[in-house]
Structures are given as C-alpha cells and as structure tokens.
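*Asks:* There's a structure below that I have some questions on.
The values are calculated or read from the model by the stated rules, or taken from the named source; none is laboratory data. Quick caveat, the model's predicted, so the values are computed rather than measured. A quick note on method: Cβ atoms are made from the backbone with ideal geometry, for glycine too, and the neighbour counts reach across all protein chains shown. In case anyone asks, the SASA skips ligands and DNA or RNA and just uses the protein heavy atoms, side chains included. Shrake-Rupley method; radii C 1.70, N 1.55, O 1.52, S 1.80 Å.
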Amino acid sequence: MFQYCFFDLDGTITDPKIGITSAVAYALEKYGITVEDKDQLTTFIGPPLHESFCKFFGFSNMAAYDAVDKYREYYKAQGIFENFLYDGMADLLKHLQQAGKQVIMATSKPEVFARQIAEHFQIDSYFTCITGSNLDGTRVAKAEVIACAMERIGKKDATDAVMIGDRMHDIIGAKKTGMQSIGVLYGYGNREELEAAGADYIVPSVADLEKLLLTLK
C-alpha cells in the first residue's frame, strides 16, 4: 500500500526536546519571560514556531517573527544537536530502503537544519528527498512541505504514500494533500490529538511503526 513513506522529523525521527525547549527559553528571556520548567515548552515541538509564540505567549505577528530569530541564535549555535534518534529509527529507515520503499522527510523545521541533523546522525543516505521550510518563514505549513516534496520527486498523486508524524499538523497536512497518515505515540502528541485530526493509523512505538509499514501491502 505504501511505497512512499513521508516522515516528520521532530518527535518522529528524533527527540529534539532539550535543544528546542532550551532555544525557546532563550528567546523568551529576551522578552523578560522566564520559564523555570522547560518541560512546559514541549508544546513548541512540532508546530511552526511563529504560530506557537503567538498561541502560547500572546506575541503579536511581528514580535513572533523576531522571537523566531532569537530562537535561532541559540538553536544554530547549540540546540540543533541537543537531540537524539529514537531507538530503532536508524534500522527502520534502513529496512524501508532495503524493502525498496522511497523514504522522504517532510518537516516544518528549516530545511537547512533538517539536512544538518540527518547528516549528523548519518541517516541522510536513507532519504530520497529532504524537504523543510524556508528560513524566511515561507513553506511552513505541513501541507506545503508535503506538496513541495512530492513535486521534487515527481509524484503526481498520493495513493501509495503515507505521512508519519506525532502531531495533528502532520495528519492535517496529509489530508490536505490526499495522503493517508500514521500517528506515532512515542513523540509529543497524544492519541486524543491524533484521533481528532483523523489519523488513519496510530502506533505506540518505532517497532510497531516498522511492522505496519513493512506488512501493509
């Protein structure tokens, strides 16, 4: 059924909690906002950053763009590699490639950072295409990222493709592009969020994800 496997990055391939929450805390401090418990900032993992600064801290549109710039000061210097692969993920990507499937990364993270992360963890060779957002704040919505990735690989329809992610944005983006979706529970979303967004499948672990992707015909 799924010859093309589109993967989200943060919360799906890697656990970026330390780097992202530290970068958000750094940005907020520039505005006089101190967050003692960085776990409160895990809601920033997955959605576009600009959206999250507005939603969770009431930033204006312009202030949110400025906060994203502050966030990147920390993230580029340090946060990008305060990150680790989920157990079994490298093997999953390898096995999908060996099975003849096309593996594509579709992330709202800036593409330049996504590529650095894939190279750092030595998983870049498993991807047919790595697509992310632009540093200027464009191509951030997951549907836009998926559509761009499909165009890059010359794919016209999504009948044999699936989007894999941990947040509602991944599921919604898949629906908007006519793609089925798999929600994963080991990341930063939860079953209620994924079900409400309309995930076609939900799996609790990387091992279960591999089983699903390699057994569905």
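*Asks:* Of the residues 93, 49, 85, which single one is under 16 Å from residue 163 (Cα atoms) and touching a Phe, Trp or Tyr at 6+ places or on another chain (Cβ under 7 Å)?
*Replies:* 93
*Asks:* On to the next question. I'd like to check something: does the stretch 146-162 contain any residue that is within 30 Å of residue 67 (Cα to Cα) and among the basic types (Lys, Arg)?
*Replies:* no
*Asks:* Out of the residues in the stretch 43-73 that are within 19 Å of the chain's Cα centre (by Cα) and over 20 Å from residue 169 (Cα atoms), state the one that is most open to solvent (accessible area, probe 1.4 Å).
*Replies:* 72
*Asks:* Okay, moving on. Taking the stretch 177-217, which residues are open to solvent by less than 60 Å² (accessible area, probe 1.4 Å), β-branched (Val, Ile, Thr) and free of Cβ contacts under 8 Å to residues at least 24 places away in the same chain?
*Replies:* Hits for the stretch 177-217 are 202, 203.
*Asks:* Would you be able to tell me the number of residues in the stretch 1-42 that are free of Cβ contacts under 8 Å to residues at least 60 places away in the same chain, open to solvent by 10 Å² or more (accessible area, probe 1.4 Å) and among the β-branched types (Val, Ile, Thr)?
*Replies:* 3
*Asks:* Next question, about the same structure. With the condition kept exactly as written, say whether any residue in the stretch 186-199 is part of a strand (DSSP E or B), modelled with pLDDT of 95 or more and either of a type in the set (A, V, I, L, M) or closer than 25 Å to residue 88 by Cα (or both).
*Replies:* Residues of the stretch 186-199 part of a strand (DSSP E or B): none.
No: zero hits.
*Asks:* If you take just the strands (runs of 3 or more DSSP E) that sit entirely in the stretch 92-166, which of them hold at least 1 residues that are without any contact (Cβ under 8 Å) to a residue 40 or more places away in the chain and open to solvent by 10 Å² or more (accessible area, probe 1.4 Å)?
*Replies:* Values: elements: 102-110, 129-133, 161-165.
Answer list for the stretch 92-166: 102-110, 129-133.
*Asks:* From the residues in the stretch 116-143 that are among the charged types (D, E, K, R) and touching a helix residue (DSSP H, G or I) at 6+ places or on another chain (Cβ under 7 Å), which one is farthest from residue 46 (Cα to Cα)?
*Replies:* This residue is 124.
*Asks:* Which number in (1) open to solvent by 80 Å² or more (accessible area, probe 1.4 Å); (2) within 19 Å of the chain's Cα centre (by Cα); (3) modelled with pLDDT under 95 marks the one condition that residue 84 misses?
*Replies:* Status for residue 84: all satisfied but (3).
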